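Some notes on the structure that comes next.
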Amino acid sequence: MTTGPHPFTLDKATLHPSLCDPLLDVMNFLNEIVDRFPHAISFAPGRPHEGLFTPGDTERLITRYRQYLRDERGLSEEQITTTLLQYGPTSGIIRELLVRTLHNDEGIHARPDDVVITVGFQEALFTTLRALFAGPDDVLLVPEPCYTGVTGAAAVLGIPLQPVPEGQNGLDADAVARAADAAREAGKRPRACYAVPDFANPSGHTLTLTDRHRLLAVAHHHDLLLLEDNPYGFFTRDGHRHPTLHSLDTRGHVIYLGSFAKSCFPGARVGYVVAGQPVHDVATGTSTPLAAELAKIKSMITVNTPAVSQAVIGGMLVEHDCSLATANDPAARFYRRNMDVLLDALATALPDAAQRGVRWNNPGGGFFACLEVPFTADEALLEISAERFGVIWTPMSSFHTGPGGRNALRLSISYLDPHQIRDGVRRLARLITWRLAHPTPTPTPTLKEAAQ
Ligand SMILES: Cc1ncc(COP(=O)(O)O)c(C=O)c1O
């Protein structure tokens, strides 16, 4: 291939500083390593299992949504075509169906005007952060470790972060209070705190009901908004679901950021934000829901969420009578079994784990478990792991804003089959055994050592 001269060269130092933030390279690095070692078993992706997708789903669901528009909303064929093929309202076309679903599944009471349908959780987050964070002194509290979609969006928007170290039981209200105090003492305004109360990514932690109430009380006391993210809530291991923070909130502190990526499928790229908080404009004396302000921002990012994608999700909501809980039972069973297999395989492959300083948590559900090891589990070790031991995982340090997480790794169970999980854990156990026998600096294992 011949490449022509590039007359205009850009100096990276002149681009937005977030482009030099290693956080923004994490996804690329992991994708690249998966591509380079296609035969390795990968515990890295948090993708839903493709065996749960049904061919022909999209066509059937769009037809179902068209029927709904015709039979229940009284639209003509011409209006239906316009709805699906034309530019549409920025806030979305499936808001009525969504608020019914949220009421049925999450105990969330919202009006359509409190909601904006977005391009995934990610756009819901982006618009919300843009609206709430008005200046350089507004700080976002994030759990440490935290989902990179959040820390990465904050980096792109130039929003300063105040990490809140997670305890053994996840995000702790007292730690949130201390972080808010620390931000204030530094002359900043703690504006909001991001939280995944159910089966967090990456730690797998779940907040107890008491801790949820404590978090809401701290939010009230510290004048904080809580940005609740709940993509894994359906995937419990014991069938018990905790109430969402939003449904427990009596004072309007919670903005609920939703995603259909795991409960339907990520290819649709549909999410939403529930933000009914009134915004008062002193100049005009009027009030509008925060959602209306978010829609203004969205109109400058994606104009509207693709109607075809909304139709697919709308069809799914109609098909399941506006409740996705039961529709997700097969997926919940699949992920439950995979998590059971992972925990069982770890116990079998590492019977003397405690003596060797290796331990893992026992998540109540979701896609992720966390494994702690008495050595550095960084990208260099991941290379060796992928190349020589044929197993890929995510270094927990990728989810830390500071230097933490060096002795832990995240294992995702969603994308693999049970036999791959068992095989992957055996490979992981071989890596751990080899690494414990070779203290730093890390030598490269021979192929024979790797196979043992
Ligand atoms: C914590 C968390 N939030 C949200 C999402 C889904 O985001 P989106 O709807 O943008 O795909 C994910 C997906 O990996 C996630 O792990």
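The values are calculated or read from the model by the stated rules, or taken from the named source; none is laboratory data. Note that the structure is a prediction, hence the values are computed from the model and not measured. Glycine also receives a Cβ, built like all others from the backbone with ideal geometry; neighbour counts cover every protein chain displayed. To get the accessible areas, we keep the full protein, side chains included, count just its heavy atoms, and leave off ligands, DNA and RNA. Shrake-Rupley method; radii C 1.70, N 1.55, O 1.52, S 1.80 Å.
Work out the charge dipole of the chain with +1 on the Cβ of Lys and Arg and -1 on the Cβ of Asp and Glu about the Cα centre, then indicate which of A349, L226, P160 is farthest towards its positive end.
Value computed over the given set: A349.
So for the stretch 57-319, what are the equivalent ellipsoid semi-axes in whole Å, largest first, each being the square root of 5 times an eigenvalue of the Cα gyration tensor?
After scaling each eigenvalue by five and taking roots: 32, 21, 16 Å.
If one takes the longest principal axis of the Cα atoms in the chain, at what angle in degrees, from 0 to 90 and to the nearest 10, does the Cα axis of helix 418-437 lie?
Helix 418-437 and the main axis of the chain meet at about 50 degrees.
Could the peptides 347-353, 111-117 be put in order, highest first, of the mean number of other beta-carbon atoms found within 10 Å of their residues?
Result, highest mean Cβ count within 10 Å first: 111-117, 347-353.
Provide the gained length on full extension for the span R70 to R47, in nm with one decimal, where the gain is 0.36 nm per separating residue minus the Cα-Cα distance.
4.8 nm is the gain from fully extending R70 to R47.
Given the chain, what count of lysine pairs have C-alpha atoms under 29 Å apart, with each pair 8 or more places apart or on different chains?
5
Quick one: dipole size for the stretch 57-319, taken about the Cα centre, charges +1 on Lys/Arg Cβ and -1 on Asp/Glu Cβ, in debye to the nearest 20.
Using only the charged Cβ atoms, the result is roughly 240 debye.
Taking a ≥ b ≥ c as the square roots of the Cα gyration tensor eigenvalues, with a/c under 1.5 meaning rounded and otherwise prolate when a/b beats b/c, else oblate, which class fits the stretch 176-289?
It comes out oblate by the Cα gyration axes.
Once you order the gyration tensor axes a ≥ b ≥ c over the Cα atoms, which shape class does the stretch 13-132 get: rounded for a/c under 1.5, otherwise prolate or oblate by comparing a/b with b/c?
prolate
Along Cα→Cβ, 7 Å out, is where each label goes; now give me the distance between the ones at R426 and H221 in nm to one decimal.
Rounded to a tenth, the inter-label distance reads 5.2 nm.
State the percentage of accessible surface on the chain attributable to carbon and sulfur atoms; use a 1.4 Å probe and exclude ligands, DNA and RNA.
Within the chain, the accessible surface is 54 percent carbon and sulfur.
Can you tell me the Rg and the Dmax, both Å, for the Cα atoms in the chain?
Just the Cα atoms of the chain yield Rg and Dmax of 23.1, 75 Å.
List the trypsin sites (Lys or Arg not before Pro) in the stretch 63-100 that DSSP assigns to loop (not H, G, I, E or B) and whose Cβ has at most 13 other Cβ atoms within 10 Å. Which are they?
Answer by residue number: R73.
So for the chain, taking the charge dipole from beta-carbon charges (+1 Lys/Arg, -1 Asp/Glu), which of L381, L431, T128 sits furthest toward the positive end?
Result: L431.
Given a 1.4 Å probe, how much area per residue of the stretch 57-319 is accessible, in Å²?
Result: 40 Å² per residue.
Which one, G271, L23, I255, projects farthest toward the positive side of the charge dipole computed for the chain from Cβ point charges (K/R +1, D/E -1)?
The Cα lying farthest towards the positive end belongs to L23.
Size of the dipole of the chain about the Cα centre, Lys and Arg at +1 and Asp and Glu at -1 on the beta carbon, nothing else charged, in debye to 20?
Roughly 560 debye, rounded to the nearest 20.
List the trypsin sites (Lys or Arg not before Pro) in the stretch 245-342 that DSSP assigns to loop (not H, G, I, E or B) and whose Cβ has at most 10 other Cβ atoms within 10 Å. Which are they?
Passing sites in the stretch 245-342 are R251.
Can you tell me the dipole magnitude for the stretch 227-296 around its Cα centre, using point charges on the Cβ only (Lys, Arg +1; Asp, Glu -1), in Debye to the nearest 20?
With only Lys, Arg, Asp and Glu charged at Cβ, the dipole is about 240 debye.
Express the relative contact order of the chain as a whole percentage, based on alpha carbon pairs under 8 Å and six or more residues apart in sequence.
Normalised by residue count, the contact order of the chain is 23 percent.
In nanometres, what is the gap between the two model label sites at E77 and A134, each 7 Å from Cα along Cα-to-Cβ?
5.3 nm
Where in the stretch 368-391 does the label zone of R36 land, with the point 7 angstrom along Cα→C-beta and an amide N cut-off under 18 Å?
377-391
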